[in-house]
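Below: the structure, in structure tokens.
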Amino acid sequence: MPTPAISVKDLHKSFGDFEAVKGVDFEVATGEVFGFLGPNGAGKTTTINMLCTLTRPTSGNAEVAGFDVATARDDVRRHIGLVFQDQTLDGYLSAEQNLRLHAELYGVEKAAVKPRMEQVLRMVGLWERRDSQVLTFSGGMRRRLEIARGLMHSPRVLFLDEPTIGLDPQTRASIWGYIRQLQRSEEITIFMTTHYMDEAEFCGRIVIMDHGEIVALDTPAALKEAVGADRIRIETDDDERAIAELAERFGLEATVSEGAVSFAVADGEEFVPRLFAELDVPIRSVNLSRPTLDDVFMSHTGTTIRDAEESAAKNRNRAVMQAMVGRR
Amino acid sequence: MSDATIPATAAPGAPAPPPTVAVHVPPRSWRSELRAIKIVWRRELIRFQKDRMRIVTALVQPLLFLFVLGSGLQQLSAASTHGVELKTFIYPGVLCISVMFTAMFSAASIVWDREFGFLREMMVAPVRRSSIVVGKVFGGATVASLQGVILLALAWTVHVPYSVGLVLGVFALQLLLAFSITAFGVMVAARIKQMQSFMGVMQMIVTPMFFISGALFPTAELPGWLAFLNRIDPITYAVAPMRTLIFANLDISAEAHQALNPPITWFGWDVPVALQIFTVFALGMVMLAIAIAEFSAGE
């Protein structure tokens, strides 16, 4: 069996009393698109920083591209590409100069610099703009240039920290296009964090992280299946009677929300014909929805990702307050 | 967010993707460290070259000292300069000030780099932090000396005759001073992360050092407290050799030499020029070492 691109065993990270990552284990196979999902403050960034050798683990170990992140820092760095949330380009230099600088810092063979640069710039559609100062680029162009730069040294693993955050839908779509293209054309593993649930769907497998722990790890489809229930919304002529009948005949608990009767049921597609046949209340419309990753997140953490973020922010503030009070 | 449609394949009509160029990155070696130093150094030069405004604005202050102060105070000082124009006297000091303030701005670029995120790109590269810091310091020093060369072109306006030795000597001294000041600035930048505080601290330290150094006055017969401050000011040991070098090219009386370019003394001992130069160099190296240690220890 080939060595996994990333292999993490019982990884911990504490900052003082605060345990940001509480022992995580996972493996990522070569060629996978692996998504890391969770609210802000869940430990995603700390984990990615440990894998990129930017933060030292408190305990446990992690190997990236076959090298230990703690003991073979430079070997790890040579084999990974990084695209951060915040931009790290030199705005005064041209696109080409930024890439060249990167190639020199990473020691890319001189003869390979030019062809590789052309390839990555063409991929992100910036080849024609290679001589323009980066200052003149839009936010989306900069992000695309950062992705191109992260690929300059043919990394084995490309880390993307919230690669599509704050971008317009078109740019987000094209970034996903590059990821697909990369998967086909290079032997590269992509490790990304996101808190867009709809984007996590495009990952091969995803991890859901909450409060420093992994709460779920599987393919998006399997995770959704595990949630089980589909959600059905019906509009009827008499909502109250419909709710009563649903409870009586099918043992389902339904509620009215936004003018429709809504309830959860396993195998929704098979249930709908029965619903029409057996319910005495006239139905005007029906809407069946599969569980989304939002539902998956909800079922594992008991909260939606938005609410989790709000409470995480509150917890952080509280932790900061406590730290300040404790120091006195 | 479902308005983002994700193409499963390349859009129709799009050009076929170019063939993959796989790149091999060799393990770290002294050669890769040299490449890193060189590219960080070159980046400073590229940025300097693109920033014409900075080249011009950095000239204002030295020119003010040289022509406004130099011409303005001429009458007051004429009696004691033994026929040497004040402009000529302060010219070596002005050569130093131009380098000092340019070097300070060069060092400030590391604070900008941090603020705009680019420092991170350099810090995560598979090279030693020391290579980044050395490249940065050399780059800043080179840029500052190039700025100094512009002032060297003004030597004729203050009646300093050119010679090959003068030009090379001035350039070498400027490079040395620029190196030490940049190393100092980078050392400070490792700790102070906001631009305003950085410039404040640098101004607070560098401006007094410049005034105390004797760039604008002879260092003999100073009041005790000023003489003491003057001798512990590192810039003194850059200004004095610069003045000695310029004066060696002038045709002036022995009295003028004695009055305007007295030897630097430590408790009555004449400090040799070589030791003065070495002092500046040694301090620069110490600060470079501290800067490297600071940046290597950080995240």
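The values are calculated or read from the model by the stated rules, or taken from the named source; none is laboratory data. This one's a predicted model, so the numbers in the text were calculated from it and none came from an experiment. Positions of Cβ are backbone-derived with ideal geometry, glycine not excepted, and every protein chain shown enters the neighbour counts.
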(request) Output the residues belonging to the stretch A:113-134 that are crowded, with 19+ Cβ neighbours inside 10 Å and closer than 16 Å to residue B:21 by Cβ. (result) A:113, A:116, A:117, A:119, A:120, A:121, A:123, A:124
(request) Go through the stretch A:205-279 and tell me which strands (runs of 3 or more DSSP E), entirely inside it, have 2 or more residues that are modelled with pLDDT of 85 or more and closer than 30 Å to residue A:8 by Cβ. (result) A:205-210, A:213-218
(request) Could you please give the count of residues in the stretch B:166-202 that are in contact (Cβ under 8 Å) with a residue 60 or more places away in the chain and in a helix (DSSP H, G or I)? (result) 25
(request) State whether one or more residues within the stretch A:54-68 are at the interface with chain B (Cβ under 9 Å from one of its Cβ atoms), crowded, with 19+ Cβ neighbours inside 10 Å and out of contact with any Leu (no Cβ under 7 Å at 6 or more places or on another chain). (result) yes
(request) Among residues belonging to the stretch A:70-100 that are within 9 Å of chain B (Cβ to nearest Cβ) and charged (D, E, K, R), point out the one that is nearest to the chain's Cα centre (by Cα). (result) A:86
(request) Taking only the stretch A:18-62 into account, find how many residues are among the hydrophobic types (A, V, I, L, M, F, W, C), under 14 Å from residue A:210 (Cα atoms) and touching a Ser or Thr at 6+ places or on another chain (Cβ under 7 Å). (result) 5
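Each row is one residue, and each column tells you yes or no for (1) within 30 Å of residue B:256 (Cβ to Cβ); (2) β-branched (Val, Ile, Thr); (3) more than 12 Å from the chain's Cα centre (by Cα).
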residue: B:163; (1), (2), (3): yes, no, yes
residue: B:168; (1), (2), (3): yes, no, yes
residue: B:174; (1), (2), (3): yes, no, no
residue: B:184; (1), (2), (3): no, no, no
residue: B:191; (1), (2), (3): no, no, yes
residue: B:196; (1), (2), (3): no, no, yes
residue: B:209; (1), (2), (3): yes, no, yes
residue: B:214; (1), (2), (3): yes, no, yes
(request) Give the residues of the stretch A:101-128 that are within 8 Å of another protein chain (Cβ to nearest Cβ), in a helix (DSSP H, G or I), more than 14 Å from residue A:151 (Cβ to Cβ) and of a type outside the set (Asp, Glu), sorted by residue number. (result) A:101, A:105
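Listed here are the residues, each with its yes/no results for (1) surrounded by fewer than 22 Cβ atoms within 10 Å (Cβ to Cβ); (2) polar (S, T, N, Q); (3) in a helix (DSSP H, G or I).
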{"site": "B:20", "(1), (2), (3)": "yes, yes, no"}
{"site": "B:24", "(1), (2), (3)": "yes, no, no"}
{"site": "B:37", "(1), (2), (3)": "no, no, yes"}
{"site": "B:53", "(1), (2), (3)": "yes, no, yes"}
{"site": "B:56", "(1), (2), (3)": "yes, no, yes"}
{"site": "B:63", "(1), (2), (3)": "yes, no, yes"}
{"site": "B:69", "(1), (2), (3)": "yes, no, yes"}
(message) What's the total number of residues in the stretch A:1-49 that are buried (at least 20 other Cβ atoms within 10 Å of the Cβ) and in a strand (DSSP E or B)?
(response) 13
(message) If residue B:286 satisfies all but one of (1) closer than 18 Å to residue B:99 by Cα; (2) in a helix (DSSP H, G or I), what's the number of the condition it fails?
(response) (1)
(request) Among the residues of the stretch A:249-268, write down those that are under 12 Å from residue A:235 (Cα atoms) and aliphatic (A, V, I, L, M). (result) A:256, A:260, A:261
(message) When you check residue A:119 against the structure, is it polar (S, T, N, Q) and under 29 Å from the mean Cα position of the chain (by Cα), yes or no?
(response) yes
(request) State which residue is farthest from the chain's Cα centre (by Cα) when the search covers only the stretch B:217-270 and only residues that are polar (S, T, N, Q) and outside any helix (DSSP H, G or I). (result) B:253
(request) Exactly one condition in (1) outside any helix (DSSP H, G or I); (2) buried (at least 21 other Cβ atoms within 10 Å of the Cβ); (3) among the aromatic types (Phe, Trp, Tyr) is not met by residue B:105; state its number. (result) (1)
(request) Output yes when any residue across the stretch B:126-136 is closer than 21 Å to residue B:191 by Cβ, without any contact (Cβ under 8 Å) to a residue 24 or more places away in the chain and not in a helix (DSSP H, G or I), and no when none is. (result) no
(message) All but one of (1) more than 30 Å from residue A:182 (Cα to Cα); (2) within 14 Å of chain A (Cβ to nearest Cβ); (3) aromatic (Phe, Trp, Tyr); (4) in contact with a helix residue (DSSP H, G or I) (Cβ under 9 Å, 6 or more places away or on another chain) hold for residue B:118; state the number of the condition that does not hold.
(response) (1)
(message) Would you confirm, using the coordinates I've provided, whether residue B:75 is part of a helix (DSSP H, G or I) and touching a helix residue (DSSP H, G or I) at 6+ places or on another chain (Cβ under 7 Å)?
(response) no
(request) Filter the stretch A:151-202 down to the residues that are small (Gly, Ala, Ser) and part of a loop (DSSP other than H, G, I, E, B), then identify the one that is modelled with the highest pLDDT. (result) A:154
(request) Tell me, yes or no, whether the stretch B:230-245 has at least one residue that is crowded, with 16+ Cβ neighbours inside 10 Å and more than 17 Å from residue B:215 (Cβ to Cβ). (result) no
(message) I'd like the full set of residues that are of a type in the set (Asp, Glu) and within 11 Å of chain B (Cβ to nearest Cβ), limited to the stretch A:190-210.
(response) A:198, A:199, A:201
